[in-house]
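One structure below.
The values are calculated or read from the model by the stated rules, or taken from the named source; none is laboratory data. As the structure is a computational prediction, the values presented were derived from the model and not from experiment. Backbone-built Cβ (ideal geometry, glycine too); neighbour counts: all protein chains shown.
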Amino acid sequence: MSAVQHTDAHRTVLRRLARAIPIPAGAGLARTLVERNIRSYRHGWLTLVSGFFEPIFYLFSLGVGMGALVGDVDAGGGRMVEYASFVAPALMASAAMNGAVFDSTFNVFFKLKYAKLYDSVLATPLGPRDVAVGEISWALLRGLLYSSAFLLVAAVAGVVESWWALLTIPAATLIGFAFAAVGMAATTFMRSWQDFEYVSLSILPMFLFSATFFPLERYPEALQWVVQATPLYHGVGLVRDLMLGDVGVGLFAHVLYLAVMGLVGVAFAARRVERLLLT
Amino acid sequence: MVLRQDGTQADDRPLISAHALTKRFGDFTAVDGIDVEVRRGEAFGFLGPNGAGKSSTMRMIGCVSPPTGGTLRILGLDPATDGPRIRGRLGVVPQKDTLDEELTVRENILVYGRYFGLSRAVVRERADELLEFAQLTERASSIVEPLSGGMKRRLTIARALVNNPEVLLLDEPTTGLDPQARHVLWDRLFRLKRSGVTLVLTTHYMDEAEQLCDRLVVMDGGKIVAEGSPRQLIAEYSTREVLELRFGEDDHGAYEPKVADLASRVEVLPDRLLLYVSDGDAASKTVHDRGLAPLSMLVRRSTLEDVFLHLTGRTLID
Ligand SMILES: Nc1ncnc2c1ncn2[C@@H]1O[C@H](COP(=O)(O)OP(=O)(O)O)[C@@H](O)[C@H]1O
Ligand SMILES: [Mg+2]
């Protein structure tokens, strides 16, 4: 077999493989879309700053302020910690969720329906998969920035209990990934701004009731499994265990849940972008 | 394929070839089995009224819309399997500008170049050249929104050129622009053509088609109804001159029998009669001699508008 034939055969096999996987085509250039977003944010840095302060304000008002009234709480397995230490990881996980959801819903909707950004992007070598991966990576990068800043402030405020806490940064990034992917997929179904009520409707209860502000055991028994089924519960659980240095095999369940959610979301978002724009 | 002396291959196969190319949206057929071949270096046009299927065709060529039927090869490749590779060698100017309004004029080119996988150094250099080409150097750091329609269009073209495309696809490049802006744009497109870029454009302006296209197809209702150079089409489907008669009454049809023998063909429009003749002055003299006394008489050369009218019985712009 000549070299030319060989590469041809090689390419055919790759192409068949690519077609067998239910993810639309891409050119491996998703990073250029991330670059575009970074440039665009240089012009609109104010939104970047607000996402940074929000969780920190929560930390001081709820954690440090209210925490003084609440006393110690059970962080699971009978381990008693200060309320601020209990709630800080939950705030970090929620902030990762909120940032990712905001970016992948409102911002993506605007680009999809009004700015027609992806119409021009898809005229270049980039494919629908690049669009999905690019936007989701961007949401997750922003999350990375926020969670690093939050961790720093939390550490200075004295609510971080262990060196394991450094791993909360990749953990928060994973949370961002999971929520951004599902958020983007959901956005492709939105018809108007009104549909965003559904986003708030699913985010707010999750923010309040994912064992964020009080432990799972405080929920009525019948509701505990509902709480445990929500993605934010796993996000909070993951970050909390790491921040408190409570590391065990249970972490893998959280990681698996979020990773699967993210991967399914990316594939779905790419499919939908293809369906909507490559008509 | 011909091997040139310098070792490069002069490819005389068509850059774009479509056979029985079809696009359906549900039950509706937007493009109905067209055959097209575009050769390297030519300016090729799709002329047709709104809804003819021009944009649907361009989107298929741009590899952002999968054909429903027929075969399509672009640069010898199949869009179904080689979309990204083909798009990497095309420049696309869509019907509606899709500039990035969150970026500056220069950033629009920089970012777009990066989508093609070009290095930062290359896109910086290209951006400067292209801003110069689009006469936008002074506006380089302006945001996009306040630019005039003509400037936005030039920026869209500049952006589409960032990857040095072999083929530039232009969907109605000057629709909505004032006459001066159109001429500036045409001038830029002439330059591109001279530098060897293959142009494929759609338009519903017959003057644009005549100005820019070496060869064109006339499209109507998703089908190609005629093909050739503007001159060939006029010679084949029209006469050398046209005599336009306007009467003071609403019913121009009533005058048709009185002049029918003067022309090889008469078209009755709501506001005038068109007489297709070889000698307009002679015909107008006869009209005068018959005492018909129209409000106005005008002799002009045939245009593609007349070709279209002849082929479809309708005007291009309604
Ligand atoms: N995505 C679409 N879905 C349904 N119909 C479409 C779509 N795109 C175009 N059409 C229809 O196809 C026909 C041809 O449209 P188009 O190709 O845009 O024509 P042109 O560019 O010549 O004006 C029109 O009747 C249009 O309404
Ligand atoms: Mg069109």
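Checking each residue in the stretch A:32-76 for being modelled with pLDDT of 85 or more, touching a Leu at 6+ places or on another chain (Cβ under 8 Å) and not aromatic (F, W, Y) picks out A:T32, A:L33, A:V34, A:R36, A:R39, A:S40, A:L59.
The condition of being within 16 Å of the chain's Cα centre (by Cα), away from ligand 1 (no atom under 16 Å from the Cβ) and within 14 Å of chain A (Cβ to nearest Cβ) holds for only one of B:L177, B:L168, that being B:L168. When B:L155 is tested against the conditions (1) under 25 Å from the mean Cα position of the chain (by Cα); (2) closer than 12 Å to A:T124 by Cβ, the lone failure is (2). Out of B:L245, B:L274, B:L298, one residue alone is surrounded by 13 or more Cβ atoms within 10 Å (Cβ to Cβ), in contact with a Pro (Cβ under 9 Å, 6 or more places away or on another chain) and part of a strand (DSSP E or B). It is B:L245.
Scan the stretch B:53-87 for residues that are crowded, with 17+ Cβ neighbours inside 10 Å, within 8 Å of chain A (Cβ to nearest Cβ) and more than 13 Å from B:L169 (Cβ to Cβ) and report the count. The qualifying residues number 2. Among the residues making up the stretch B:65-85, none is under 19 Å from the mean Cα position of the chain (by Cα) and within 16 Å of ligand 1 (Cβ to nearest atom). Residues that are within 14 Å of another protein chain (Cβ to nearest Cβ), surrounded by 22 or more Cβ atoms within 10 Å (Cβ to Cβ) and more than 16 Å from ligand 1 (Cβ to nearest atom) are absent from the stretch B:193-200. Restricting B:E102, B:E37 to those that are more than 16 Å from ligand 1 (Cβ to nearest atom) and in contact with a Pro (Cβ under 6 Å, 6 or more places away or on another chain) reduces the list to B:E37. So is A:A211 at pLDDT below 90, out of contact with any Gly (no Cβ under 6 Å at 6 or more places or on another chain), more than 30 Å from A:L122 (Cβ to Cβ) and crowded, with 16+ Cβ neighbours inside 10 Å or not? So A:A211 passes the test. Of the helices (runs of 4 or more DSSP H) contained entirely in the stretch A:169-248, those carrying at least 2 residues that are more than 15 Å from the chain's Cα centre (by Cα) and farther than 20 Å from A:F106 by Cβ fall at A:221-229, A:231-243.
Looking only at the stretch B:140-165, residues that are more than 14 Å from chain A (Cβ to nearest Cβ) and surrounded by fewer than 19 Cβ atoms within 10 Å (Cβ to Cβ) come to 5 in all. Identify the residue in the stretch B:36-50 that is surrounded by fewer than 20 Cβ atoms within 10 Å (Cβ to Cβ) and within 13 Å of the chain's Cα centre (by Cα) and, among all such residues, is modelled with the highest pLDDT. Selected residue: B:E42.
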